[in-house]
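Peer 1: Let me give you the structure first, and then I'll get to my questions.
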Amino acid sequence: MMKRVIGVDAGSTLTKLVYEEDGRMHYKKFPTYDHLSIRNFLKLGAADSVVVTGGRADLWREAQFVLHEFDAVTQGTRELLKLQGKSLEEFILVNIGTGTSFFQVKKDEYERMLGSGIGGGMFMGLGTRLTGVTDFQELARLAGGGTRQNADLLVGDIYREEEVGIPPHLTAANFGKSPSSTESPGDRLRSLTNMMAETLILLSMSIATHLPKPVLVFVGNGVEGNAALQADLGSFKAWLGYDPVFPNNGGYAGAIGAYIKGLNSQNGQ
């Protein structure tokens with residue numbers, strides 16, 4: 001009898017689980033500090049094959065296999081792209097979790113190129129300091145309704161486009177305008193998501209100089225469910241010449257990679 005496989009991505013903030021039950025895939029996430037409740041939810045037994053990845057894999061000592069998180073997220077991303085009918089020979093993978101890792105991924109190999117502290121942890125931490133809101137979904141909702149023009153100093157606020165040849169909507173200074181009564185919490189959060197997007201795109205493009213039109217694939221819980229950040233990450237594509245891709249269930253890329261490892265192990269691969 002084939003054992004039930006559970007892929008676990010134990011991150012510093014969230015733990016993601018992927019498993020199949022009754023013929024359909026299930027995707028669950030929990031706060032990592034609540035790992036005992038996760039076990040109760042799953043009712044793990046000796047018949048379960050648990051493959052774990054992520055920075056807090058040490059919390060899952062009963063796992064049959066621990067998979068390096070870089071292997072897991074790249075494998076899981078390939079699977080997500082395949083499920084969406086995308087066949088990519090080479091792409092830049094941007095995994096936005098608490099922080100952000102950048103990978104150059106080819107058909108049968110990958111290399112981690114860069115890392116940054118700008119990620120979901122920054123969005124939560126700085127977003128809370130800017131607004132007093134502590135819930136990720138509420139922060140993302142507020143950012144989606146905000147306009148950064150009330151907080152950012154734009155190129156168009158200083159120059160006419162014909163003077164410098166730079167699009168007027170680009171940023172001259174993040175949060176560069178003096179605070180005013182018209183500036184809302186959502187405006188400040190949209191300025192934050194744009195500042196994050198500008199930095200992440202520039203870092204991504206710095207490792208994609210050999211590609212004529214690079215495909216940038218964004219996964220991780222820092223971007224999943226944050227429509228404002230997704231929009232901002234795509235807002236420079238016409239100017240810089242890249243193709244942004246946001247796979248469905250991208251926040252579970254690491255857990256999916258762990259799940260696939262478990263399936264392959266059962267099949268002797």
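The values are calculated or read from the model by the stated rules, or taken from the named source; none is laboratory data. Computed from a prediction, not measured in an experiment: that's the story for all the values here. Positions of Cβ are backbone-derived with ideal geometry, glycine not excepted, and every protein chain shown enters the neighbour counts. We work out accessible area using only protein heavy atoms, side chains counted, and drop any ligands, DNA or RNA first. Shrake-Rupley method; radii C 1.70, N 1.55, O 1.52, S 1.80 Å.
Peer 1: So in region 98-114, with the set limited to residues that are within 13 Å of the chain's Cα centre (by Cα) and in a strand (DSSP E or B), which one is nearest to A197 (Cα to Cα)?
Peer 2: T100
Peer 1: Could you pull out the residue among F136, F175 that is out of contact with any Pro (no Cβ under 7 Å at 6 or more places or on another chain), of a type in the set (A, V, I, L, M, F, W, C) and at positive phi?
Peer 2: After applying the criteria, what remains is F175.
Peer 1: Can you name every residue in region 188-222 that is open to solvent by 50 Å² or more (accessible area, probe 1.4 Å) and either modelled with pLDDT under 95 or assigned to a loop (DSSP other than H, G, I, E, B) (or both)?
Peer 2: Passing the criteria: T209, H210, P212, K213.
Peer 1: For region 60-97, which residues satisfy the criterion of being assigned to a helix (DSSP H, G or I), touching a strand residue (DSSP E or B) at 6+ places or on another chain (Cβ under 8 Å) and polar (S, T, N, Q)?
Peer 2: Across region 60-97, the qualifying residues are T74, T77.
Peer 1: Report the residue count in region 223-254 for those that are farther than 24 Å from P185 by Cβ, within 11 Å of the chain's Cα centre (by Cα) and assigned to a helix (DSSP H, G or I).
Peer 2: 5
Peer 1: I would also like to ask the following. Suppose we filter G117, G125, G85 for residues that are out of contact with any helix residue (DSSP H, G or I) (no Cβ under 7 Å at 6 or more places or on another chain), among the small types (G, A, S) and farther than 28 Å from A173 by Cβ; which single one remains?
Peer 2: Sole residue among the options that is out of contact with any helix residue (DSSP H, G or I) (no Cβ under 7 Å at 6 or more places or on another chain), among the small types (G, A, S) and farther than 28 Å from A173 by Cβ: G85.
Peer 1: Hey, among G220, G257, which residue is under 20 Å from V51 (Cα atoms), under 14 Å from the mean Cα position of the chain (by Cα) and in contact (Cβ under 8 Å) with a residue 24 or more places away in the chain?
Peer 2: G220
Peer 1: Scanning region 3-22 for residues that are modelled with pLDDT under 85, in a loop (DSSP other than H, G, I, E, B) and open to solvent by 70 Å² or more (accessible area, probe 1.4 Å), which turns out nearest to S265 (Cα to Cα)?
Peer 2: Taking the candidates together, the pick is K3.
Peer 1: Considering region 232-250 alone, what residues qualify as being open to solvent by 50 Å² or more (accessible area, probe 1.4 Å) and either at negative phi or at pLDDT below 95 (or both)?
Peer 2: S235, K237, A238, W239, L240, D243, F246, N248
Peer 1: If I filter region 74-97 for residues that are among the β-branched types (V, I, T) and open to solvent by 40 Å² or more (accessible area, probe 1.4 Å), do I get at least one hit?
Peer 2: There is no residue in region 74-97 that is among the β-branched types (V, I, T) and open to solvent by 40 Å² or more (accessible area, probe 1.4 Å).
Peer 1: Go through (1) of a type in the set (K, R); (2) farther than 19 Å from P244 by Cβ; (3) touching a residue at least 40 places away in the same chain (Cβ under 8 Å) one by one and return the number of the condition R148 breaks.
Peer 2: Condition not satisfied by R148: (2).
Peer 1: Could you please let me know if L36 is within 15 Å of G257 (Cα to Cα) and open to solvent by 80 Å² or more (accessible area, probe 1.4 Å)?
Peer 2: No.
Peer 1: Applying the selection to region 133-187, what residues are modelled with pLDDT under 95, β-branched (V, I, T) and open to solvent by less than 50 Å² (accessible area, probe 1.4 Å)?
Peer 2: Correct list: V155, T171.
Peer 1: Yes or no: region 119-132 includes at least one residue that is charged (D, E, K, R) and open to solvent by less than 70 Å² (accessible area, probe 1.4 Å).
Peer 2: The answer is no, given that none of the residues of region 119-132 is charged (D, E, K, R) and open to solvent by less than 70 Å² (accessible area, probe 1.4 Å).
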